[in-house]
Amino acid sequence: MLLTATRSAQAAAAGLAVQAEAKGLYYGAAVSAEHLQEQAFGDAVVRECDVVVPENALKWGATESRRGVPNYSDADQIAAFAATNHKRMRGHTLAWYRTTPGWLAAALTEPRGIEVLYSHIDAVVSRFRGRIFEWDVVNEAIEPKDNLDGGLRNTAYYKAGGEAYIAECFARAHAADPDARLVYNEYGLEYDSGNSERRRKATLQLLERLKARGAPVHGLGIQSHIKLGNPIDERRYAAFLRDVAGLGLTIRLTEFDVDDSDLTTAAPYRDAAVASYARQLLDIALDQPAVIGLMSWGLTDRYNWLDSASPRTDGDHHRSLPLDANYNRTPLWNAISQSLAAAPARSPR
Ligand code: XIL
């Protein structure tokens, strides 16, 4: 009886975006043009989100699979959905070493090959100028295991342009849309492990160097793909958020989800574990006033990237998102809602 009452109260509650907005935060989710065509999916986005993020549609491999032949059809559909429904659109992502077109590797090794990246940024950011309020400009440029100075990742961009490519990407994006907020996006920053600690340190130092060079970087995106079983380093994670905020940067969790691959118990136990782990992270993150946004990487377990990226050995679907496969709100939805309720209010940015 009590459980039924709780469930119906949950079903009737305002969407996450409304709850987030009450605290000066924004809430959104990664979407695809294909799924937005499904009525139930579109309705769920309208109900829960005030921001949409193309999950793949703006990646270079999607927009220019043939050199010089841009294709923005999926991104345009998502932008149209956002405009029609009065949602904002986040851009993801301009300089990532993955999901790149097949022709890129050779192009980057040509003389001044790095210019091809800058031209890509000019083209995409100016095309969506005024329609994308915030861009993940550079994504995943850090990998301490690659043993480069500064813990940078040894990507084809780095090989072509050295560290300077990162600042130049921000400069180009800023020139193409001076009103867009520009974000550096990274993962693996929350755990109690040597690896996470090296990643936190390298990320903070990269942001410090970018600021020192006067690069137009406005904030940090923390992907927040967290995996159950990895202990969160509450103290160091909170200190990291404070340090980033201390640089005058805003922070948003950009790709939040909880990988439950290693949990083999029945669904209700998995849901409870996912929810309490999520709550642990979100309570720390949302307590920091520089954290201004939260995006889930997908909205419903019906379409969950983890099912292919990190398949469960029992063949079951992941239960990592705020709506289940039938668009019902999950215990994770509740955890997000409660964490938003507990968060201090901040002025919207
Ligand atoms: C993932 C998408 O969800 C998948 O559909 C695609 O096949 C690969 O990329 N970090 C990121 C995202 O920054 O762009 C990735 O998205 C997930 C990891």
Out of the residues in the stretch 138-165 that are among the polar types (S, T, N, Q) and within 16 Å of the ligand (Cβ to nearest atom), state the one that is farthest from residue 95 (Cα to Cα). 155
In the stretch 237-265, what residues are of a type outside the set (A, V, I, L, M, F, W, C) and either at pLDDT below 95 or crowded, with 19+ Cβ neighbours inside 10 Å (or both)? 237, 250, 252, 254, 255, 257, 259, 260, 261, 262, 264, 265
Select from the stretch 274-300 the residues that are outside any helix (DSSP H, G or I) and either within 16 Å of the ligand (Cβ to nearest atom) or among the polar types (S, T, N, Q) (or both) and list them in ascending order. 288, 293, 294, 295, 296, 297, 298, 299, 300
When the residues of the stretch 47-75 are filtered to those that are buried (at least 17 other Cβ atoms within 10 Å of the Cβ) and part of a helix (DSSP H, G or I), which remaining residue is farthest from the ligand (Cβ to nearest atom)? 48
Residue selected from the stretch 77-132 under the condition among the β-branched types (Val, Ile, Thr) and not in a loop (DSSP other than H, G, I, E, B), by the criterion farthest from the ligand (Cβ to nearest atom): 84
Just to check your reading of the model, which residue among 210, 220 is touching a helix residue (DSSP H, G or I) at 6+ places or on another chain (Cβ under 9 Å), among the aliphatic types (A, V, I, L, M), in a strand (DSSP E or B) and closer than 28 Å to residue 128 by Cα? 220
Which residue pairs have Cβ atoms under 9 Å apart, sit 6 or more places apart or on different chains, and have a first residue in the stretch 309-323 that is of a type in the set (Val, Ile, Thr) and in a helix (DSSP H, G or I) and a second that is within 13 Å of the ligand (Cβ to nearest atom) and modelled with pLDDT of 95 or more? none
Are any residues in the stretch 225-260 in contact (Cβ under 8 Å) with a residue 12 or more places away in the chain, more than 16 Å from the ligand (Cβ to nearest atom) and among the basic types (Lys, Arg), and if so, which ones? 236, 242
Looking at 67, 7, which one is basic (Lys, Arg), over 16 Å from residue 128 (Cβ atoms) and modelled with pLDDT under 95? 7
Lone unmet requirement of (1) in a loop (DSSP other than H, G, I, E, B); (2) surrounded by 16 or more Cβ atoms within 10 Å (Cβ to Cβ) for residue 202: (1)
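The values are calculated or read from the model by the stated rules, or taken from the named source; none is laboratory data. Computed from a prediction, not measured in an experiment: that's the story for all the values here. Don't worry about glycine lacking a Cβ; one is built from the backbone with ideal geometry, like all the others, and counts go over all protein chains shown.
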